């Protein structure tokens with residue numbers, strides 16, 4: 001299953017896959033060169049959504065020129081917060 005999402009003018013393909021990396025334990029990944037976001041298919045729907053937000057935030061920060069390594073805690077916090085706000089507010 002795949003879908004497309006526009007992030008700051010760049011179209012990314014979102015793919016739900018069986019695995020992302022055999023070398024690293026990852027549940028999501030953004031590929032800036034191929035404009036793809038991969039999410040583990042076996043995750044619960046809520047975790048898939050949080051992971052998608054997480055990868056979207058990475059893509060936004062990358063396109064705005066922020067260093068990726070410095071932002072992991074902020075990215076995860078924002079992803080969780082945004083997901084919670086969208087769950088509690090149907091109009092968002």
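Every number here is computed from the coordinates shown, using simple stated rules; none is lab data. This is a predicted model, so every value here is computed, not measured. Reconstructed Cβ throughout: ideal geometry from the backbone, glycine too, with neighbour counts over all protein chains shown.
Residue 43 meets the conditions (1) surrounded by 15 or more Cβ atoms within 10 Å (Cβ to Cβ); (2) under 13 Å from the mean Cα position of the chain (by Cα) in every case but one. The failed one is (2).
Residues are listed down the side, and each one gets a yes or a no for (1) assigned to a strand (DSSP E or B); (2) without any contact (Cβ under 8 Å) to a residue 12 or more places away in the chain:
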{"site": "14", "(1), (2)": "yes, no"}
{"site": "19", "(1), (2)": "no, no"}
{"site": "30", "(1), (2)": "yes, no"}
{"site": "33", "(1), (2)": "no, yes"}
{"site": "37", "(1), (2)": "yes, no"}
{"site": "42", "(1), (2)": "no, no"}
{"site": "49", "(1), (2)": "no, no"}
{"site": "58", "(1), (2)": "no, no"}
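Looking only at the stretch 60-70, residues that are over 17 Å from residue 12 (Cβ atoms) and either in contact (Cβ under 8 Å) with a residue 12 or more places away in the chain or not in a loop (DSSP other than H, G, I, E, B) (or both) come to 2 in all.
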